[in-house]
Every structure is written in C-alpha cells, then in structure tokens.
Ligand code: SF4
Ligand code: SF4
C-alpha cells in the first residue's frame with residue numbers, strides 16, 4: 001500500500017515537472033513583443049475605452065455640459081473632485097448654479113468611473129491619455145473647465161400651443177406633450193433615482209461597518225487602533241449618509257420635474 005502511494009506520487013511529480021517544462025519551452029519559441037516606449041508614442045495603440053484621465057469635453061464654442069450639480073463630487077469615494085459653483089440669475093429672473101472651477105486630483109483617482117456614470121448631463125468622461133507623470137504633486141490637480149467656458153445653453157422650449165377656439169362640432173384641441181423634453185426629464189429622473197438608491201445602499205453598508213467598529217472598540221477600550229478605526233468608520237458613514245440625503249433630494253426634484 002505504501003509502495004503504491006510512493007510510485008503514484010513520483011509519477012504525479014514527474015508529470016507536473018513535464019507540464020511546467022512544456023510551458024517553458026513553448027514560451028522559448030514564441031515571438032517576443034517589445035514595446036519601444038517612448039519612441040513609439042505616435043504608433044502606440046491605446047484602446048478607446050482605456051481610463052487614462054478624467055476630461056470635460058468642450059464644443060467649438062468653448063461650451064461644456066456641466067451644470068455644477070455636484071453629483072460626481074458626492075459620488076466619488078476618494079474625494080478626487082471638487083466642484084466650485086456660484087449662483088447666478090438667468091434672463092427670466094430664475095436663480096441657477098453656474099460652474100466656476102471643476103478641480104480633478106489625478107493623483108487620487110482610482111478610475112472607478114462612478115463619477116462619469118452618475119453625471120446626469122454626460123459632462124465628463126475618461127480619455128485614454130495615459131502619460132500622467134509629473135514632477136510636482138500640485139501638477140496633478142487639474143481644472144477641467146477651460147478658461148472663459150460656459151455651460152451650453154438649452155434650446156428654449158417652444159411656447160405651448162393655445163387651444164383653438166371651440167367651434168361647434170369640432171373636437172377640443174389636445175395639447176401635444178413636449179416629448180423630447182419629457183423623455184429627457186424622465187431619463188434624468190431614472191438616473192437620479194438609481195444614483196439615490198446606490199448612495200442609500202453605500203450609506204447603509206458604511207453605517208453597518210461603523211456599528212461593528214464601535215462594538216469592537218467598546219469591547220477593547222485599551223486598543224487605540226480599534227478606537228481609530230471606529231472614528232474613521234463613523235466619519236465615513238456620516239459622509240455617505242449626507243451624500244445619500246442629497247441624492248434623495250435631487251432624485252425627488254428630478255421626479256417632480258417629470259410631473
Ligand atoms: S473615477 Fe472614481 S475616483 Fe476617479 S474621480 Fe471618478 S469617482 Fe472619483
Ligand atoms: S455630475 Fe456632471 S453636471 Fe453635475 S457637477 Fe459633476 S460633471 Fe457637472
């Protein structure tokens with residue numbers, strides 16, 4: 001019995017050795033690819049969807065699509081984005097937010113794309129530009145809105161058609177809904193509702209983690225590492241709960257716009 005298992009083990013070992021050597025020999029004869037970077041910068045193929053750096057596309061009139069809502073900033077788990085805005089008065093007397101500076105810290109970004117997915121305007125996206133090395137950390141802070149740029153103006157809504165004067169026997173005119181606007185508002189409301197749901201889930205998970213950290217810290221009052229972990233978990237939970245509240249409010253506003 002002992003002899004059988006000895007020889008079975010020996011054969012198994014030889015087989016495994018041959019498999020490994022087979023891979024080594026195969027790789028020995030396969031053609032090698034050496035990228036001659038940086039000489040090949042121009043020909044270097046980077047896939048279109050490669051996440052190199054966050055950008056805010058501008059059109060030929062130096063206009064972007066950012067409305068300064070701050071959703072991307074709230075959604076970013078790393079605090080990589082800072083959206084600075086101011087309130088302005090529009091021609092029709094309404095107040096609205098306007099983007100002043102959109103600051104992106106490339107050094108903090110983990111390329112998760114939560115920001116681009118959450119943006120209701122499609123104002124930001126990832127560019128495959130991959131050369132991000134700089135000499136000073138401050139150079140990693142980038143302002144994504146160009147100097148003098150502004151948010152692209154939405155085309156004015158056509159005035160609602162007045163119902164025609166009722167004539168005898170004629171059917172009352174039915175106002176036609178502004179389908180394109182209604183669709184856009186509906187899509188925005190759906191996106192906001194999904195973002196609010198996700199934010200609520202994140203907040204609930206962070207609160208559960210904070211509660212666990214609290215229990216561990218209370219059980220080991222002398223352990224400073226556990227006390228620190230509790231503090232951090234509590235701060236994170238509070239941050240995410242605030243973000244979830246903001247999302248819920250934005251989602252409610254977007255839903256009200258649909259009605
Ligand atoms: S990709 Fe992720 S980490 Fe980077 S800015 Fe967007 S949300 Fe933040
Ligand atoms: S979510 Fe989009 S529109 Fe809102 S601040 Fe961020 S980039 Fe601008």
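Brief remarks follow.
- The number of residues in the range 224-259 that are farther than 21 Å from residue 114 by Cβ and touching a helix residue (DSSP H, G or I) at 6+ places or on another chain (Cβ under 7 Å) comes to 8.
- Residue in the range 89-109 that is out of contact with any strand residue (DSSP E or B) (no Cβ under 7 Å at 6 or more places or on another chain), within 16 Å of ligand 1 (Cβ to nearest atom) and not assigned by TED's automatic domain parsing to the domain that holds residue 190 present: yes
- The set of residues from the range 71-102 being surrounded by fewer than 16 Cβ atoms within 10 Å (Cβ to Cβ) and under 22 Å from residue 139 (Cβ atoms) comprises 78, 79, 82, 84, 100, 101.
- Every residue from the range 89-122 that is within 15 Å of ligand 2 (Cβ to nearest atom) and over 16 Å from the mean Cα position of the chain (by Cα): 96, 97, 98, 99, 100, 101
- Exactly one residue out of 194, 229, 219 is within 31 Å of the chain's Cα centre (by Cα), modelled with pLDDT of 80 or more and farther than 25 Å from residue 257 by Cβ, and it is 229.
- Considering residues of the range 110-128 that are in contact with a helix residue (DSSP H, G or I) (Cβ under 6 Å, 6 or more places away or on another chain) and near ligand 1 (Cβ under 10 Å from one of its atoms) only, the residue nearest to residue 64 (Cα to Cα): 124
- Subset of the range 42-60 that is free of Cβ contacts under 8 Å to residues at least 60 places away in the same chain and exposed (fewer than 10 other Cβ atoms within 10 Å of the Cβ) - its residue that is farthest from ligand 2 (Cβ to nearest atom): 43
- Within the range 137-154, one or more residues are at pLDDT below 80 and more than 22 Å from residue 77 (Cα to Cα).
The values are calculated or read from the model by the stated rules, or taken from the named source; none is laboratory data. Quantities reported herein were computed from a predicted structural model and do not represent experimental measurements. Note that each Cβ is placed from the backbone with ideal geometry, even for glycine, and that neighbours are counted across all protein chains shown.
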